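Step one of this worksheet: look at the structure below.
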Amino acid sequence: MKFTLSWLREHLATDASLDDILAALNDIGLEVEGVENPAGKLAGFTVARVLTAAPHPQADKLQVLTVDPGDGSALQVVCGAPNARAGLVGVFGREGATVPANGMVLKKAAIRGVESNGMMCSSRELELGEDHDGIIELPADAPVGETFAGYAGLDDPVIDLSITPNRQDCMGVRGVARDLAAKGLGTLRPLREVYRMSADPVATDGPGPDVRTDDPEGCPAFHGQEVRGVTNGASPEWMARRLTAIGQKPISALVDITNFVMIDLGRPLHVYDKAKLNGGLAARKARPGEQVLALNGKSYTLDETMTVIADDVHVHDIGGIMGGEDSGVAETTTEVIIECAYFDPAHIARTGQKLGLTSDARQRFERGVDPAFLDEGLEIATWLVVEHCGGTASAVTRAGSAEVAPRNFAYDPATTRSLAGVDIDPEQQQAILSRLGFAVGENWTITVPSWRRDIDGPPDIVEEVVRIHGLANVPSTPLPRTPGVARPTATAEQMIERRVRRAAAARGLNEAINWSFISEKEAAVVGGGDWVLANPISEELKVMRPSLLPGLLSAARRNADRGASSIRLFEIGRRYFRAEDGSSTERLTLGLILAGDKAPRGWASGKAQGFTAFDAKGQALGLLEAAGAPVANLQMMGDAGDAYHPGQSGTLRLGPKTVLAEYGVVHPRLARQFDLSGTVVAAQLFLDAVPGKRRSGFMRAPFTPPALQAVTRDFAFIVPEPVESEALVRAVRSADKKSIVDARLFDLFTGAGVEPGSKSLAIEVTLQPGDKSFTEEELSAISAAVIKAAEKLGGVLRG
C-alpha cells in the first residue's frame, strides 16, 4: 500500500514530521516497509533558461546553447532537441548529476568537437513521462535556479506500508489517516472537505442505468450511475502526479478517477463505455466455458462458480477482479456507467485463485470493503467525473442490498488489564475508540463500524485500544511463580521430541522444516491424504501430509541441485489422518532421508560408498533408543509399504500391531518423481507409538556392577534362507533370560559347506554369573537351551 506524504495530509490535518508519522505507523501496527523520496533522484537538476541557440558547426541536427542555471554563470550545452531555442525555460542537469532513466552520470565532454557542460532534459530522461520528442518546456516565469524537484512539487516522500490481511480498512489512504488521528497525530478531515465537494448532492437528470444483480451470493449489491456528455481527456495534474508517484501509470481521466478512489478510499470501481454495451448490465454467475478478454490483454475461461458483470450478449467484467477490454473507455467515450458494487470476499478469493489472476481490486474485495460505503463512494466518483470530464449525471440505480446487521457487544474497560497487562483510563479508551469510528453507548456497549469486519468481541477491542495507546507503554511484568525449584512444564511428548531432535543432530543429521501441506500428486505416491484444503494458498500445498517423505525428498532434491554430495536430513513434524469417527488426528513423527555419498572416494576405500537400507535401520534403532523405546524387544517384520523398494525395507514393531518405525530404500519410481538419482534410503519413526515409561519414583536404583566377569560363547547355526537374523538373536536371548544378558550377530556366511537355500548365522552370547562362577554343567545346560531355541526356527548347530 503506497501513498505520498502530501496525499496523507489531504485527509489528516497534522503538523507532524515524516519521522514522527513513520514511527507512529509502526507503533500502531501498520508496518512501514520503505520510504522513498522522488526528489532524491532529481538532485542536480534545476530550472534554467536558454540564453542563445546556434547551429552546431559539425552536426546539422545539434545546437549549441548558452544556458543560465541561475547562479550568474553562462554554460555551453550541446543539445539535439528540435524545440531548443533562445528564451526557453527548461530543466538543466548539471555536471555530476545522474540521469534517472539510464543511470548516466553527467560530465563535461566534447560532442563533435564542441564542449558541453551538462544536459537539457526531456520528460522520459527524468522518468516523468514518455515524451522524448523534445526537452521539457516550463512556463516563462518559472524561477531560474530553483531545484526542479522543489518547483514541480516532487519533493514528496512515498510511504510503502505492509497491510496485514485483517486490516482491510487500511487499504485506502483514508483508513491510514483515521488510525493516525486516533493515535493523536492530527485530526481526520471530513470527506467532503477533502474532495472540495459542496454540501449539496451531485445534480442529476434522468433515470438511472439498467443494472441488476442475479447473483445475490456473489454480488449482494450493485449500484450504478450514468454520466452523459463526458470528455475523456487527461486526468488533472494533481491526480496524475499522485498516481505516478506510487507507480500507477496515468491512462485517462475516467480510468484514473477509478484508480484514485480505490487507493484513496479503499473502494474499487469500474467505468463502462455505454456505447459498447448491448442492453443493461447484470451481475450473474458465469456460464461454463464463457470467456472474457480482460484489461490485461489475456483471455480467461470462466465456470459457473464465478461472478461476472455482463450485458445481454457477453461478459464484460470478472466481478470484483478485473474489467474487460470490450467495454473499456477510450478518448471517444461520451457516455459512461459507473459501477459501485459489493462482492462477497470468499467468492472473490476463490475466483482469483482459480484464474491465477490478481489485481488491486481483488486485494481489497477479498479482504472485505466497507458494505456501507456504496452510496457515498459512488457519489464521490460521479462528482470527480463531472468535475473533470464534464457531463450530466443520471439518478442512481440500486440493485440488491449489502446491509449488514449492526454488531454490538458489552465491553469492560478493565479487560485491558486482564488481557494486556496495562491499566488505561476508561475515558482515554472511549476517546480512542471514538476516533477509530466505534460507537460507545451506555454501560459500555460497543457498536463496531461497518468497515471493521475483523472486530468480533472484547479481545479485539483490547487490541485496538492497546495498539493506539502504544505497545511500548505496556509494562514488562514477570509472571508469578511459586517459590522453590520450578516444576517441569514439558509434556511427555515434548520431552521425546527434544531427545530425538538432539540425538538426530548428534548422529550427523541436519534438520529440515517443511510445509505441513503437499500436492495431491505427492500425496498419491504415499497412499493419499485424508484431508484436502478447500481454499489452499497454492495447488502445490493442498493436502495435509500423511507422510513426511515427500517434504524430505523435495528438500533432498533442492540440496542436490545446489551441489550437496552427501545429504542427511531429518524432520520432526505431524502427519494428519481422519479417525473412524470422522475427526482429525495428528501423529508425531520423525522422518529422515539419506542420499548421495555415505563416504567419499578415497585411496583406502576406492569409489564413493552409497547408503543402504541398513544405514536407515541403524539410524532408526538409534533414534528409537533415544526416544525411550525398548529396542531390545523390537521385531523386524515385512516390507514397509509402496513407498519403499520391494525386498529392501522393513518395519520395527512391538508385537504384530504396534509399528514404531519403517525404513528402507526409497522406491526408484518415487525417487525419480523427485528428480533424485542413485540410491535414496529413508525411515519414519512414529513417536506417538513409543510406550511411555512406567513411573516408579523420582530416584533411579543405584548401579551395582557385577562382582564376576562375564563369559562369552559363540554359536553358529545353519538356518533356512528366509529366517531373519533378528528372529534368531531374539530366540537365543530368550533361551535363558536369567543368565543370558546379551546376544548379537557377528557373522553371516553362504557358500562352500552350506547347502543352497540355507545360510550360516554366527551369534555371540554373553553370560553373566551371579554370586558364583558357572559350572561346566550349568554352561552345558545353557548351551543346550540355546540350541533348542534355534531348532524351533529350523536351525542346526554347525559342526
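The values are calculated or read from the model by the stated rules, or taken from the named source; none is laboratory data. Here the structure is a predicted model, which means the values were calculated and not measured. When we count neighbours, we look across all protein chains shown, and the Cβ atoms used for this are built from the backbone with ideal geometry, even at glycine. The area values use the complete protein model at the heavy-atom level, side chains included, leaving out ligands, DNA and RNA. Shrake-Rupley method; radii C 1.70, N 1.55, O 1.52, S 1.80 Å.
Between Thr612, Thr589, which is touching a strand residue (DSSP E or B) at 6+ places or on another chain (Cβ under 8 Å) and open to solvent by 50 Å² or more (accessible area, probe 1.4 Å)?
Values: Thr589 fails: open to solvent by 50 Å² or more (accessible area, probe 1.4 Å).
Of Thr612, Thr589, the one residue that is touching a strand residue (DSSP E or B) at 6+ places or on another chain (Cβ under 8 Å) and open to solvent by 50 Å² or more (accessible area, probe 1.4 Å) is Thr612.
Could you grab the pairs with beta carbons closer than 9 Å, sequence gap of 6+ or different chains, first residue in the stretch 486-501 and touching a residue at least 60 places away in the same chain (Cβ under 8 Å), second one of a type in the set (D, E, K, R) and in a helix (DSSP H, G or I)?
These pairs meet every condition: Glu493/Asp688; Ile496/Asp688.
I need a count of the residues in the stretch 651-670 that are in contact with a helix residue (DSSP H, G or I) (Cβ under 8 Å, 6 or more places away or on another chain), among the small types (Gly, Ala, Ser) and surrounded by fewer than 23 Cβ atoms within 10 Å (Cβ to Cβ).
Qualifying residue count, the stretch 651-670: 0.
Can you pull out the residues in the stretch 462-517 that are in a loop (DSSP other than H, G, I, E, B), of a type in the set (Gly, Ala, Ser) and within 30 Å of Val422 (Cα to Cα)? Steps first, answer last, please.
Within the stretch 462-517, the first condition is being in a loop (DSSP other than H, G, I, E, B), and the residues that meet it are 470, 474-491, 507-509, 512-516.
Subsequent filtering for residues that are of a type in the set (Gly, Ala, Ser) retains 470, 476, 484, 486, 490, 508, 512, 516.
Gly470, Ser476, Gly484, Ala486, Ala490 - these are the residues of the stretch 462-517 that are in a loop (DSSP other than H, G, I, E, B), of a type in the set (Gly, Ala, Ser) and within 30 Å of Val422 (Cα to Cα).
Among all residue pairs at least 6 apart or on different chains, which show Cβ distances below 7 Å where the first residue, located in the stretch 524-549, is under 17 Å from Ala346 (Cα atoms) and the second is open to solvent by less than 70 Å² (accessible area, probe 1.4 Å) and assigned to a helix (DSSP H, G or I)?
Note: pairs meeting the criteria are Asn535/Ala349.
List the number of the failed condition for Val47; all other conditions in (1) of a type in the set (A, V, I, L, M); (2) more than 17 Å from Tyr151 (Cβ to Cβ); (3) touching a Leu at 6+ places or on another chain (Cβ under 9 Å) hold.
(2)
From the set of residues in the stretch 748-773 that are under 16 Å from Asp714 (Cα atoms) and over 60 Å from the mean Cα position of the chain (by Cα), which is most open to solvent (accessible area, probe 1.4 Å)? First the steps, then the outcome.
Kept after step one, since they are under 16 Å from Asp714 (Cα atoms), are these residues of the stretch 748-773: 748-749, 760-768.
Add one more test, that the residue is over 60 Å from the mean Cα position of the chain (by Cα), and what stays is 767-768.
Values: Leu767: 4, Gln768: 43 Å².
Filtering the stretch 748-773 for residues that are under 16 Å from Asp714 (Cα atoms) and over 60 Å from the mean Cα position of the chain (by Cα), the one most open to solvent (accessible area, probe 1.4 Å) comes out as Gln768.
Step by step: first the residues of the stretch 63-72, then only those that are open to solvent by 40 Å² or more (accessible area, probe 1.4 Å) and outside any strand (DSSP E or B), then the one that is nearest to Pro143 (Cα to Cα). Which residue is that?
Restricting to residues being open to solvent by 40 Å² or more (accessible area, probe 1.4 Å) and outside any strand (DSSP E or B), the top hit is Gly70.
In the stretch 1-50, which residues are over 19 Å from Gly266 (Cβ atoms), among the hydroxyl-bearing types (Ser, Thr, Tyr) and in a strand (DSSP E or B)?
Thr46
Filter the stretch 207-262 down to residues that are of a type in the set (S, T, N, Q) and within 30 Å of the chain's Cα centre (by Cα) and give me whichever is surrounded by the most Cβ atoms within 10 Å (Cβ to Cβ). Please lay out each step first, then the result.
Step one: list which residues in the stretch 207-262 are of a type in the set (S, T, N, Q), which gives 213, 225, 231-232, 235, 244, 248, 252, 258-259.
From the residues that got through so far, the ones that are within 30 Å of the chain's Cα centre (by Cα) too are 244, 248, 258-259.
On the way: Thr244: 16, Gln248: 18, Thr258: 24, Asn259: 21.
Only one residue tops the list, namely Thr258.
With the condition kept exactly as written, say whether any residue in the stretch 695-709 is touching a residue at least 60 places away in the same chain (Cβ under 8 Å), part of a strand (DSSP E or B) and of a type in the set (A, V, I, L, M).
Taking every residue of the stretch 695-709 in turn, none turns out to be touching a residue at least 60 places away in the same chain (Cβ under 8 Å), part of a strand (DSSP E or B) and of a type in the set (A, V, I, L, M).
Please work out which residue is surrounded by the most Cβ atoms within 10 Å (Cβ to Cβ), limiting yourself to the stretch 79-99 and to residues that are farther than 12 Å from Cys121 by Cβ and either among the aliphatic types (A, V, I, L, M) or at pLDDT below 90 (or both).
Leu88
Can you tell me how many residues within the stretch 675-685 are crowded, with 21+ Cβ neighbours inside 10 Å and over 19 Å from Gln619 (Cα atoms)? Please lay out each step first, then the result.
Quick first cut of the stretch 675-685, residues crowded, with 21+ Cβ neighbours inside 10 Å only: 676, 680-685.
Retained after the next criterion (residues that are over 19 Å from Gln619 (Cα atoms)): 676.
Counting residues in the stretch 675-685 that are crowded, with 21+ Cβ neighbours inside 10 Å and over 19 Å from Gln619 (Cα atoms) gives 1.
Is it the case that the stretch 603-624 has a residue that's among the aromatic types (Phe, Trp, Tyr), out of contact with any Gly (no Cβ under 7 Å at 6 or more places or on another chain) and closer than 25 Å to Glu721 by Cα?
Quick first cut of the stretch 603-624, residues among the aromatic types (Phe, Trp, Tyr) only: 603, 611, 614.
Now drop any that are not out of contact with any Gly (no Cβ under 7 Å at 6 or more places or on another chain), which leaves 603, 611, 614.
Subset that is closer than 25 Å to Glu721 by Cα: 611, 614.
Scanning the stretch 603-624 turns up at least one residue that is among the aromatic types (Phe, Trp, Tyr), out of contact with any Gly (no Cβ under 7 Å at 6 or more places or on another chain) and closer than 25 Å to Glu721 by Cα.
Touching a Leu at 6+ places or on another chain (Cβ under 8 Å), of a type in the set (A, V, I, L, M) and more than 23 Å from Met239 (Cα to Cα) - does that describe any residue in the stretch 90-110?
Scanning the stretch 90-110 turns up at least one residue that is touching a Leu at 6+ places or on another chain (Cβ under 8 Å), of a type in the set (A, V, I, L, M) and more than 23 Å from Met239 (Cα to Cα).
Find all pairs meeting these conditions: Cβ atoms under 9 angstrom apart; at least six residues apart or on different chains; first residue within the stretch 229-242 and farther than 16 Å from Ile263 by Cα; second residue in a helix (DSSP H, G or I) and open to solvent by 30 Å² or more (accessible area, probe 1.4 Å).
Close Cβ pairs (under 9 Å, with a partner that is in a helix (DSSP H, G or I) and open to solvent by 30 Å² or more (accessible area, probe 1.4 Å)) amount to Val230/Val386; Asn232/Val255; Gly233/His388; Pro236/Glu387; Pro236/His388.
With the requirement that a residue be open to solvent by 30 Å² or more (accessible area, probe 1.4 Å) and touching a residue at least 24 places away in the same chain (Cβ under 8 Å), what does the stretch 104-137 give you?
Ile111, Arg112, Gly113, Glu115, Met119, Glu125, Glu127, Leu128, Asp133, Glu137
Inspect all residues belonging to the stretch 371-389 and state whether any of them is hydroxyl-bearing (Ser, Thr, Tyr), over 22 Å from Pro209 (Cβ atoms), in contact (Cβ under 8 Å) with a residue 24 or more places away in the chain and crowded, with 17+ Cβ neighbours inside 10 Å. First the steps, then the outcome.
Of the stretch 371-389, the ones hydroxyl-bearing (Ser, Thr, Tyr) are 382.
The next check asks that each one be over 22 Å from Pro209 (Cβ atoms); those that pass are none.
Within the stretch 371-389 (the criterion being hydroxyl-bearing (Ser, Thr, Tyr), over 22 Å from Pro209 (Cβ atoms), in contact (Cβ under 8 Å) with a residue 24 or more places away in the chain and crowded, with 17+ Cβ neighbours inside 10 Å), the answer is no, since none of the residues qualifies.
Name the residues in the stretch 263-296 that are in contact with a strand residue (DSSP E or B) (Cβ under 8 Å, 6 or more places away or on another chain), free of Cβ contacts under 8 Å to residues at least 40 places away in the same chain and either open to solvent by less than 30 Å² (accessible area, probe 1.4 Å) or of a type in the set (Lys, Arg) (or both), would you?
Correct list: Ala286, Val292.
Tell me the residue from Asp642, Asp597, Asp615 that is more than 27 Å from Ala492 (Cα to Cα), in contact with a Leu (Cβ under 9 Å, 6 or more places away or on another chain) and modelled with pLDDT of 90 or more, please. Don't jump to the end; show me each part of the working.
Values: Asp642 fails: modelled with pLDDT of 90 or more; Asp597 fails: in contact with a Leu (Cβ under 9 Å, 6 or more places away or on another chain).
Answer to the check: Asp615.
Note down all Cβ pairs under 7 Å where the first residue falls in the stretch 325-337 and is assigned to a loop (DSSP other than H, G, I, E, B), the second is at pLDDT below 95 and open to solvent by 70 Å² or more (accessible area, probe 1.4 Å), and they're at least six residues apart or on different chains.
Every condition considered, the pairs that remain are Glu325/Leu295; Asp326/Lys276; Ser327/Lys276; Gly328/Leu295.
Hey, does the stretch 147-157 have a residue that's within 38 Å of the chain's Cα centre (by Cα), within 30 Å of Gly470 (Cβ to Cβ), at pLDDT below 95 and open to solvent by less than 20 Å² (accessible area, probe 1.4 Å)?
yes
When you scan the stretch 425-437, how many residues do you find that are open to solvent by 10 Å² or more (accessible area, probe 1.4 Å) and touching a residue at least 24 places away in the same chain (Cβ under 8 Å)? I'd like the intermediate steps shown before the answer.
Taking the stretch 425-437 as the starting set, the residues that turn out to be open to solvent by 10 Å² or more (accessible area, probe 1.4 Å) are 425-428, 430-431, 434-435, 437.
Filter again for touching a residue at least 24 places away in the same chain (Cβ under 8 Å), leaving 428, 435, 437.
Summing the residues that are open to solvent by 10 Å² or more (accessible area, probe 1.4 Å) and touching a residue at least 24 places away in the same chain (Cβ under 8 Å) in the stretch 425-437 gives 3.
Check the stretch 323-331 and report whether any residue there is of a type in the set (S, T, N, Q), open to solvent by 30 Å² or more (accessible area, probe 1.4 Å) and modelled with pLDDT under 95. Can you show your working first?
At the first step, the residues of the stretch 323-331 found to be of a type in the set (S, T, N, Q) are 327.
Going one step further and asking which of them are open to solvent by 30 Å² or more (accessible area, probe 1.4 Å), we end up with none.
Within the stretch 323-331, none of the residues are of a type in the set (S, T, N, Q), open to solvent by 30 Å² or more (accessible area, probe 1.4 Å) and modelled with pLDDT under 95.
Go through Ala393, Ala349, Ala361 for me and flag whichever is open to solvent by less than 10 Å² (accessible area, probe 1.4 Å), in contact (Cβ under 8 Å) with a residue 60 or more places away in the chain and touching a helix residue (DSSP H, G or I) at 6+ places or on another chain (Cβ under 9 Å). Walk me through it before giving the result.
Details: Ala349 fails: open to solvent by less than 10 Å² (accessible area, probe 1.4 Å); Ala361 fails: open to solvent by less than 10 Å² (accessible area, probe 1.4 Å).
From the options Ala393, Ala349, Ala361, the qualifying one is Ala393.
What tally of residues in the stretch 526-546 results from selecting those that are closer than 19 Å to Val666 by Cβ and either β-branched (Val, Ile, Thr) or loosely packed, with under 15 Cβ neighbours inside 10 Å (or both)?
Selection size over the stretch 526-546: 3.
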